[in-house]
Amino acid sequence: MLVLGIESSCDETGVALYDSEAGLLAHRLHTQIAMHSEYGGVVPELASRDHIRRVLPLTENCLAQAGKQLSDIDAIAYTAGPGLAGALLVGASVANAMAFALGKPTIAVHHLEGHLLSPCLADPAPEFPFVALLVSGGHTQLMAVHGIGQYELLGETVDDAAGEAFDKSAKLLGLGYPGGPALSKLADTGDVNRFTLPRPMLHTPNLDMSFSGLKTAVLNLVTQQSPLDDTTRADICAAFQAAIVEVLLKKSLKALKQTGMKRLVIAGGVGANRQLRSALNDAAKKRGFSVFYPPLELCTDNGAMIAYAGAQRLSEQQSAGSFAVKPRWDLA
Ligand code: KG4
Ligand code: ZN
């Protein structure tokens, strides 16, 4: 079965072709980061308009890369939520219009399920069950994943998402948008011992997390140290990254202990963070569990994870015709 996947929930247009036998055949991505950066964040209306411009050329590109025709597609999966309503509607409308014209079914995919299953596109792929740490710009959750569609929420952030904390702190440090990758790069050159930032909720018995206090602590430090020189900026980045990585690591370990599971899966944009990966890999070696990541280019939003999740849910396919998007939608 050949599934076309379309992702348009935020500021990335992603299109991919996944074959249930042959695997991922092609994936194409257009990021709107440059367009939104001058506003310091995503402008929803601009995002929707750009998705409209990009989605069909990217689809043609994918088909050409895979050597396939539109008529070869068996089903079309699209991100139905959560996300920006207008942006979601672009992917949903295009997917349903194409499916209608082709007489094929559509599959409405939950964006977080896409992230959650994205490590299954890597080799080796994790077997079920596993604990998933979902760390993106909009969500930070720990889930017990028992199988496709069997998701149990173990804990989540009570305020900002980890990626949001990275981005907001980066903004305070004058690092542009989205600042997560820039902050992380600078952190690698900083002195991690110069400043100590709080680790909110580190020792609470549950698996919930909190990151908004950390961002406030960065603001206080920036004000205190102002005007910032390059060394101080890098040292603050290192302190911030160490704090956030420690919280994510400790909570993940607690989730493994609580569930008795031996596999940990990391998904979402913050999963690209090198320091987080190295802390998790060290802990896995010491404690004897396995840790799985999506291929690096599939950590952030993409069409491949939507095509893959759609292919796993083909049995629940809905017929083309009416559709709705869900800007707010809980996975579990
Ligand atoms: O999963 P994603 O593409 O979008 C959402 O669904 O939210 O994640 C984007 C987030 C942004 O907050 C970005 O700053 C963060 O992932 N991010 C990183 C890194 N790469 C991306 N954060 C820390 N270190 C990185 N290397
Ligand atoms: Zn995402």
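The values are calculated or read from the model by the stated rules, or taken from the named source; none is laboratory data. These numbers were taken from a predicted model, which means no experiment stands behind them. Every residue, glycine among them, receives a Cβ derived from its backbone with ideal geometry; neighbour counts consider all protein chains shown. To get the accessible areas, we keep the full protein, side chains included, count just its heavy atoms, and leave off ligands, DNA and RNA. Shrake-Rupley method; radii C 1.70, N 1.55, O 1.52, S 1.80 Å.
In the set Asp167, Asp159, which member is within 16 Å of ligand 2 (Cβ to nearest atom) and under 30 Å from Val222 (Cα atoms)?
Sole residue among the options that is within 16 Å of ligand 2 (Cβ to nearest atom) and under 30 Å from Val222 (Cα atoms): Asp167.
Is it the case that Gly67 is at positive phi, away from ligand 2 (no atom under 16 Å from the Cβ) and surrounded by fewer than 20 Cβ atoms within 10 Å (Cβ to Cβ)?
Here the answer is yes, as Gly67 does meet what is asked.
In this structure, is His146 without any contact (Cβ under 8 Å) to a residue 40 or more places away in the chain, touching an Asp or Glu at 6+ places or on another chain (Cβ under 9 Å) and open to solvent by 10 Å² or more (accessible area, probe 1.4 Å)?
So His146 passes the test.
If you scan the stretch 296-315, which residues turn out to be more than 15 Å from ligand 2 (Cβ to nearest atom), open to solvent by 30 Å² or more (accessible area, probe 1.4 Å) and either in contact (Cβ under 8 Å) with a residue 60 or more places away in the chain or in contact with a Pro (Cβ under 6 Å, 6 or more places away or on another chain) (or both)?
Selection gives Gln312, Arg313.
Six or more apart or on different chains, Cβ atoms under 7 Å: show the pairs whose first residue is in the stretch 1-19 and touching a residue at least 40 places away in the same chain (Cβ under 8 Å) and under 17 Å from Ala99 (Cα atoms) and whose second is away from ligand 2 (no atom under 14 Å from the Cβ) and in a loop (DSSP other than H, G, I, E, B).
Close Cβ pairs satisfying both conditions: Met1/Ser20; Met1/Asp74; Leu2/Lys68; Leu2/Ile73; Leu2/Asp74; Val3/Asp74; Leu4/Ile73; Leu17/Lys68.
Test Leu173 against the criterion of being open to solvent by less than 50 Å² (accessible area, probe 1.4 Å) and away from ligand 2 (no atom under 16 Å from the Cβ), and give yes or no.
Yes.
Could you check the stretch 203-213 and list, in sequence order, the residues that are touching a residue at least 24 places away in the same chain (Cβ under 8 Å), open to solvent by 20 Å² or more (accessible area, probe 1.4 Å) and closer than 15 Å to Lys257 by Cβ?
Result: Asn206, single match.
Search the stretch 246-274 for residues being open to solvent by less than 10 Å² (accessible area, probe 1.4 Å), among the β-branched types (Val, Ile, Thr) and farther than 11 Å from Leu207 by Cα, and hand back the single one that is farthest from ligand 1 (Cβ to nearest atom).
This residue is Val265.
Check the stretch 39-47 and report whether any residue there is small (Gly, Ala, Ser), away from ligand 1 (no atom under 16 Å from the Cβ) and crowded, with 22+ Cβ neighbours inside 10 Å.
no
Working only within the stretch 180-190, note down all residues that are within 12 Å of ligand 1 (Cβ to nearest atom) and among the hydroxyl-bearing types (Ser, Thr, Tyr).
Passing the criteria: only Ser184.
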